[in-house]
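In what follows, a structure is listed as C-alpha cells, so that the remarks can point back to it.
The values are calculated or read from the model by the stated rules, or taken from the named source; none is laboratory data. Small disclaimer: the values here were computed from a predicted structure and weren't measured. Reconstructed Cβ throughout: ideal geometry from the backbone, glycine too, with neighbour counts over all protein chains shown.
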Amino acid sequence: MARLQLRNLEKDYGSFRAVHGINLDVEDGEFMVLVGPSGCAKSTTLRMIAGLERVTGGEIRIGGELVNDKTPGDRGISMVFQNYALYPHMKVRKNLSFSMRLKRRPSAEIEQATNHVSSLLEIDPLLDRLPKQLSGGQAQRVAVGRALIKKPQVFLFDEPLSNLDAKLRASMRVRITDLHKRLKAENQQATVIYVTHDQTEAMTMGDRICVMKDGRIMQVADPVTLYSRPANTFVAGFIGSPEMNFLDGTFEGPESVRAADQTISLGADFARRLSGEPSGGVTIGIRPQHLRIAAAETPGTLKGKLNHIEFMGHEVYLYVDIGPKRIIAVVPSASYDRGALRDDWVWLSPDPKGVHLFDRQSGENISLAL
Amino acid sequence: MTDHILSQNSPAAHDIDIARSRETRRHRLNAVLRYALLTAVGLLMLYPLIWLIGASFKTNSEIFSNPGFWPENPTLDGYIKGWKTSTPYSFGTFFLNTLWIVIPKVIGTAISCTAVAYGFARFDFPGKKILFAALIATLLLPNVVTRIPQYLIFRDLGWLDSYLPLWVPSALAGDAFFVFMLVQFLRAIPRDMEEAARVDGATTWQTLIFIVVPLLMPALISVCLFQFMWTMNDFLGPLIYISSVDKYPISLALKLSIDTTEAFEWNRVLAMSVLSLAPALAVFFLAQKYFIDGISSGGIKG
C-alpha cells in the first residue's frame, strides 16, 4: 500500500536548481538508500518527501495519493534526523509519545505503544531520562522509536548514523536492518528511504540504492548490480573501495584497448559485452580487486612501476604508476610473494569480466550489453 | 640500578616540591588580594543601598545629623507612618496598583513578543526584511520622540487615566528590544526539533507552544524579568497617563510623599523606597538561575 513515487520532482532555490526532475519508485516494504556526495540534493529530496521543503515542480505520491500539499503530519511518514532532534525538555517517554498525545489517543493506548516500542528497541530503562542524559547511541534509538510509534507508511532516515562512532555505527546498521525485516515480518508497512553519504551503509543496508549527483539520479539498482554493472563513471567511482581505477584509452578493436602506450587484451567474451563501437576515446575502468600480478613481460598486461605497498592482512594494496597515472591493485596476500619491492616493475593483468569501458564524452558504460 | 636513578632524581624532586609550595603560596596571596579588592569595590557600589536601608530606620532628624548608616535609635516610625501616607490610601493600595500594571504587562509582553519573534525567526513572508528593519528602527528611536504622538493617540481613544496606555503597547509586542532579543535567541536554536514536531503532526501553534516556548524559556524568563523591573521603575509612563491618586503606582506614590505640605519626612520616603525595592529584588533572586542559564543543552548532543 505504501508505495512511494516521485515524478519529475524539482526543487529550485531562487535561480539555482537543486533537484532536476527526478523519477523514482520505491516499492512497498522496500529499503531504498539515497546516496551521493554532499551537495547532491539527497537530503533535499528526502525533506521534500517529508513535507519540510516545498516542492517546486513534479509530484510526490505516497500509497498512490498525491501528497504535495499535505502537511508533514498528514503524510503518513516519520523521520529520523541526523541530530536526533529529540525534544530536550521532555523525558524519553514523552518524546516517544508526543505524536500520539497530539492526536489525543487514549492514555492506555499510548502507554501500550510506548512500552511496545521501547522493548523493541531495548530502551525501557531510559524512559524516565531526559535526552541530555543519553549517549549518542541511546539517543539514536529513542529517535528511531519516536519514528516507529507512529506506525508510518514510510520511514525517512536522514543520515542517522553519521554522528556515531565507527563501532556503534556498525551495530546500529545491523539493528536498523533487523528492525526493517522484523516490521516486515509483523506485516507492518515499512517502506524506508534512507539518506547517507556513506557507501558502506548504502551497500549493506539497501534493498536498492539510488545514487545521486548534482540533483540528478545516476543509477538505481540493487547493491550487486551497482557494483558489478555501474551505469556510468560516477557510479563506478563512487561505489567500491578502494575506488575504481580509470585510465583514458583508445579503442583498438573489440578485443583490446590501448592505454598509456600499452595494449590491454580483453578477449572475445568482452567484445560481446560492448554495445556498439565508441566513436572517440574511452575511459577504461578496472576495480583494484580485478587486477592480478602477472609474470614479467606477459603480452596484453599493464606494465607499471610499483610505488608503494600497503599490507592489510588478508590482502595487499599495491600502488602502481602506469605512465603518469597511479592505479591501485588489491591482491590476496597469498598471491603476493613479496618479491616485488618499491620501484620494481610489475605486470598487472586485468580480469576481463571486471573491466568496464565508458564513453569518454558522456561517461556512460558501453560494456553492459550482456 | 633503580635505586641509583632514584637517588639521582631526588634533588630534582626536592626542587619541584619547593617550587610547588612557592606556587601555592603565590596563588593564595593572589586570591586574598583579589577578594579584598572585589569586596572593597563591591561595598563601595552597595554603600548607597546599605545607607538607604540604615537610614530608613532613623528618625527624620538623625538622617541629617548622623552621616553613618547605622541608626543610633532604630525606629519603625518611618515604615508605619510612611505606609499610611498622607493620602486617604495606604501604601498597600499603591503596591497593588503597581502589580496591576506590571503583571498584565509582563504577561502581554511574553506572549506577544514570543509570537512575533517566532514569526520573524522561522517564517518567510513578503516584506519580512522591511518589517524587521522597522522593528530595529523603533529600537533605535529615543522614547521621548514618540511620547507626544502616543499621548495624542491614547487621548483620542479616551484611554487617559487608565492603565490601557501602559498595557496595550506591550501586549502588541511594542517593546522591540524584547522581540529582537528573542529573535536572536531563536536563531541559535536548531530547527530540527520543530521539524520533528511537524513530522509528528503538530500544527504551527502546537509547535510554538509545546516545543519552541520550552526551548525559549531561559530567554523568556529574562524578558519577563527585565519587563518586570523596568515597569516597576517606570516613572514617566504613569506620570503622563495616570492622573487620579487612587490609580498611582509606587513610583508616583513615592514622589507624592515628597511634595506634601507636611515638610519632607525623609525617613518615610526612604522606608517606602526600601519596601518598593523588595519585589524587584525578590523576583530577581528567585529567577537568577534561569536568568543566567544559557540555552537549554541536550537537544544536540553528539
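Scanning the stretch B:143-200 for residues that are within 14 Å of chain A (Cβ to nearest Cβ), of a type in the set (Gly, Ala, Ser) and either on the phi > 0 side of the Ramachandran plot or assigned to a helix (DSSP H, G or I) (or both) turns up B:ALA196, B:ALA197. Looking only at residues in the stretch A:329-370 that are in contact with a Lys or Arg (Cβ under 6 Å, 6 or more places away or on another chain) and surrounded by 13 or more Cβ atoms within 10 Å (Cβ to Cβ), the one that is nearest to A:LEU318 (Cα to Cα) is A:TRP347.
Within the stretch A:174-200, residues that are at negative phi reach partners that are basic (Lys, Arg) with beta carbons closer than 6 Å, at six or more positions or on different chains, in the pairs A:ALA190/A:LYS184; A:VAL195/A:LYS42. Examine the stretch A:65-73 for a residue that is at the interface with chain B (Cβ under 9 Å from one of its Cβ atoms), on the phi < 0 side of the Ramachandran plot and of a type in the set (Val, Ile, Thr), and state whether such a residue exists. Yes, because at least one residue in the stretch A:65-73 is at the interface with chain B (Cβ under 9 Å from one of its Cβ atoms), on the phi < 0 side of the Ramachandran plot and of a type in the set (Val, Ile, Thr). Among the criteria (1) on the phi < 0 side of the Ramachandran plot; (2) modelled with pLDDT under 90; (3) of a type in the set (D, E, K, R); (4) over 29 Å from the mean Cα position of the chain (by Cα), the one A:ARG273 does not fulfil is (4). Checked against the criterion of being within 11 Å of another protein chain (Cβ to nearest Cβ) and either at pLDDT below 90 or in contact with a strand residue (DSSP E or B) (Cβ under 9 Å, 6 or more places away or on another chain) (or both), the stretch A:114-130 has no qualifying residue. Pairing residues of the stretch B:276-289 that are within 16 Å of B:LEU52 (Cα to Cα) and not assigned by TED's automatic domain parsing to the domain that holds B:GLY92 with residues that are surrounded by 10 or more Cβ atoms within 10 Å (Cβ to Cβ) and of a type in the set (Val, Ile, Thr), at Cβ distances under 6 Å and at least 6 apart in sequence or on separate chains, gives no pairs at all.
Tell me, yes or no, whether the stretch A:245-257 has at least one residue that is of a type in the set (Asp, Glu) and closer than 30 Å to A:VAL35 by Cα. Write out each step before concluding.
Within the stretch A:245-257, the first condition is being of a type in the set (Asp, Glu), and the residues that meet it are A:248, A:252, A:255.
Checking the rest, the ones that are also closer than 30 Å to A:VAL35 by Cα come to A:248.
The answer is yes, given that some residue of the stretch A:245-257 is of a type in the set (Asp, Glu) and closer than 30 Å to A:VAL35 by Cα.
The listed residues are A:LEU357, A:LEU368, A:LEU341, and the only one of them that is out of contact with any His (no Cβ under 9 Å at 6 or more places or on another chain), assigned to a loop (DSSP other than H, G, I, E, B) and at negative phi turns out to be A:LEU341. Of all residues in the stretch A:67-90, exactly one satisfies the criterion of being surrounded by fewer than 17 Cβ atoms within 10 Å (Cβ to Cβ) and not in a loop (DSSP other than H, G, I, E, B), namely A:ASP74. Among the residues of this structure, A:ILE60 counts as one that is modelled with pLDDT of 90 or more, more than 14 Å from every other protein chain (Cβ to nearest Cβ) and more than 14 Å from A:GLU159 (Cα to Cα). Among the residues here, A:ARG93 qualifies as over 29 Å from the mean Cα position of the chain (by Cα) and either assigned to a helix (DSSP H, G or I) or away from chain B (no Cβ under 14 Å) (or both).
Scanning the stretch A:139-167 for residues that are within 9 Å of chain B (Cβ to nearest Cβ), free of Cβ contacts under 8 Å to residues at least 60 places away in the same chain and surrounded by fewer than 24 Cβ atoms within 10 Å (Cβ to Cβ) gives a single hit, A:LEU164.
Evaluation of A:THR114 against the conditions (1) buried (at least 18 other Cβ atoms within 10 Å of the Cβ); (2) without any contact (Cβ under 8 Å) to a residue 40 or more places away in the chain; (3) within 28 Å of the chain's Cα centre (by Cα) shows that the sole unmet condition is (3). Condition first: touching a residue at least 60 places away in the same chain (Cβ under 8 Å) and surrounded by 22 or more Cβ atoms within 10 Å (Cβ to Cβ). Now tell me which residues in the stretch A:51-64 satisfy that. Passing the criteria: only A:ILE62. State yes or no: is A:MET48 assigned by TED's automatic domain parsing to the domain that holds A:ALA185, assigned to a helix (DSSP H, G or I) and surrounded by 17 or more Cβ atoms within 10 Å (Cβ to Cβ)? Considered against the rule, which asks whether it is assigned by TED's automatic domain parsing to the domain that holds A:ALA185, assigned to a helix (DSSP H, G or I) and surrounded by 17 or more Cβ atoms within 10 Å (Cβ to Cβ), A:MET48 comes out as yes.
Annotation note: of A:ARG287, A:ARG292, A:ARG258, A:ARG326, the sole residue that is in contact with a strand residue (DSSP E or B) (Cβ under 8 Å, 6 or more places away or on another chain) and free of Cβ contacts under 8 Å to residues at least 12 places away in the same chain is A:ARG258. Would you be able to say whether some residue in the stretch A:125-138 is among the small types (Gly, Ala, Ser), within 28 Å of the chain's Cα centre (by Cα) and surrounded by 14 or more Cβ atoms within 10 Å (Cβ to Cβ)? The answer is yes; a qualifying residue exists. Applying the condition of being among the hydroxyl-bearing types (Ser, Thr, Tyr) and assigned to a helix (DSSP H, G or I) to the stretch B:201-227 and asking which residue is farthest from the other protein chains (Cβ to nearest Cβ) yields B:SER222.
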